[in-house]
Every structure is written in C-alpha cells, then in structure tokens.
Amino acid sequence: MSSPTDELKKILAAINSRDEKTFAALVDLKPLMDVGYDEATDVLAENCAKFHELYPKDLFFKFGATILRFYNDKFRGVHLGLINKVIAAYFDGSFRDAKNFSATPIKFLAAELKNLLDALHAEFGEEKFSGNTATLNVKMVGDNSEYGRMIDSLNFVLEFVKVGSEAKTLGDKKFDSASGNWRLVKIKNVEELVPPILDIAEKYWPSSWDLGIKL
C-alpha cells in the first residue's frame, strides 16, 4: 500500500514531466484551489492593516478589509480562472511560445511557473493518519538560482484522502484510483503560508503588470 509521501512523489514527477492525466488523477485541484482561495482571502482581510503597513504602495490593502473581501469575492472567478489557464498552459507546453507579460500574459506566467518549479526541490516530513485522511509535511526548498533564492523555503501541510481500488468520484470529476491509494485534496496551513508567499509576490510582481487579463 502506498503512502501520502509516495503519492506526492508521483504528483511531483507528473508535474515535472507535464503528465496532466496523472496529475489530475492524484490531485483534486478544484476544491484545493477553491478552499485555498477563500482561506487566503480571510487571512488577507484579517491582517489587512498589518499588510498595508508592510506594503504601503500596494493599493490592494489601502482601502481596508471590507473592500478587500468585496474585491476578492467579485473577481473570484477571474482569479481562479487565471490560475487554471496558467496551469493548462504549463501542462500543454504552450508556455514555450511566451513573449512578455503584456503580449502573452497566460503563457508568460506559465513560463515563469516552470522557472519556479525548476528551482525547487521537496524535503518530505512527517505523515499523520486519521481514518481515511492523512496529512504530510513537506518543505519546498529553493536552489541557488535567482528564482530559488526568491522562494527560499516554504513549509506545506498537505491533506490527502484515502481512496479504494475502484473508480471513485471526488468533486465533479471521476477518476480511476488504481494508480494510488491517496489523493491530495487540501493545503492545511494556508494561514501560515500567506505571509511568506505574499512577501515573495510583492518582490516579484511589477506594478506595471495589469491583472485585468481578458480570460
């Protein structure tokens, strides 16, 4: 029987080889992103004043938590759609045709995603089990490249659900779980991840990049 660590290794191998079918079978991406987005919005809103002090030039935090929540709720579909399109452009290889952000924003971001992934490696930590769920601690560590130094290291707590050997339905997708016994469904420590990822984004994302991307 495989472990969550075994399954995460398969997920990372699928990402590295751009094997979208295997990735989709092992990751329930929609609830993972939906819950992650909503939890991240909560953290950003609850710490809006603090983040405004840290990043005074970022208008996202200027108008307070109520406006921040309204904005993220209003553009939830746009933001999640952008993420999905970037992931698709990574897996289908169209990132190779990227020019610059203004000319090919989706492909450009997918190419940047590949640069980030190439600069990271995983260090696997503790597994914990509770019935049909399990958590796995994993540290993503950057190398000595520009992208690796920018990321430094990020500690994730990932939640997996146990599946049988027969076909299962999770979310709105059917999949054959014969390839593994655990499926990744959630990032458990979004609250801990928001501050370091926000700091990375503030250093990386130029103000000239307009997120009003036509999807």
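Structure above, values below:
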quantity: Added length on full extension, which subtracts the Cα-Cα distance from 0.36 nm per residue, Lys30 to Asp6; calculated: 6.5 nm
quantity: Whole-Hz ³J(HN,Hα) from phi, Karplus 6.51 cos²θ - 1.76 cosθ + 1.60, for the stretch 35-51, glycine and proline x; calculated: 5, x, 5, 5, 5, 5, 4, 4, 5, 4, 5, 5, 10, 4, 4, 5, 5
quantity: Charge sum, other residues only, whose C-beta stays under 9 Å from Thr41's C-beta, Lys/Arg counted +1 and Asp/Glu -1; calculated: -2
quantity: Straight-distance crosslink candidates among aspartates and glutamates, where the alpha carbon sits under 20 Å from Lys9 and sequence neighbours closer than 8 are dropped; calculated: Asp19, Glu20, Asp28, Asp118, Glu123, Glu126, Glu127, Asp143, Glu159, Asp176
quantity: Contact order relative to length of the stretch 4-204, as percent, for alpha carbon pairs under 8 angstrom and 6 or more apart; calculated: 22
quantity: Förster radius 45 Å - calculated FRET efficiency between Thr133 and Tyr55, Cβ distance, rounded to 0.05; calculated: 0.80
quantity: Hydrodynamic radius by Kirkwood, which averages 1/r over all alpha carbon pairs of the chain, in angstrom; calculated: 18.6
quantity: All aspartates and glutamates inside 16 Å of Lys74 as judged from Cα atoms, apart from same-chain residues fewer than 8 positions distant; calculated: Asp34, Asp38, Glu39, Asp42
quantity: Residue (of Thr104, Phe61, Leu198) at the positive-pole extreme of the stretch 4-204, dipole from beta-carbon charges; calculated: Thr104
quantity: Cα-centred dipole magnitude for the chain, charges only on beta-carbon of K, R (+1) and D, E (-1), debye, nearest 20; calculated: 580
quantity: Length gained when the stretch Val141-Lys203 is fully extended (0.36 nm per residue, less Cα-Cα span); calculated: 20.5 nm
quantity: CD proxy at 222 nm, helix term only [per DSSP H run n ≥ 4: -39500 (n - 2.57); per residue of the chain; nearest 500]; calculated: -15500 deg cm²/dmol
quantity: Reachable lysines from Lys85, criterion Cα separation under 17 angstrom, eight or more residues apart if same chain; calculated: Lys21, Lys30, Lys99, Lys107, Lys114, Lys214
quantity: Summed residue charge, Cβ within 12 Å of Glu202's Cβ, Lys/Arg positive, Asp/Glu negative; calculated: 0
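Each reported figure results from applying straightforward, stated rules to the coordinates on display, with no laboratory input. Everything numeric in this text was worked out from a predicted model, so none of it was measured. Don't worry about glycine lacking a Cβ; one is built from the backbone with ideal geometry, like all the others, and counts go over all protein chains shown.
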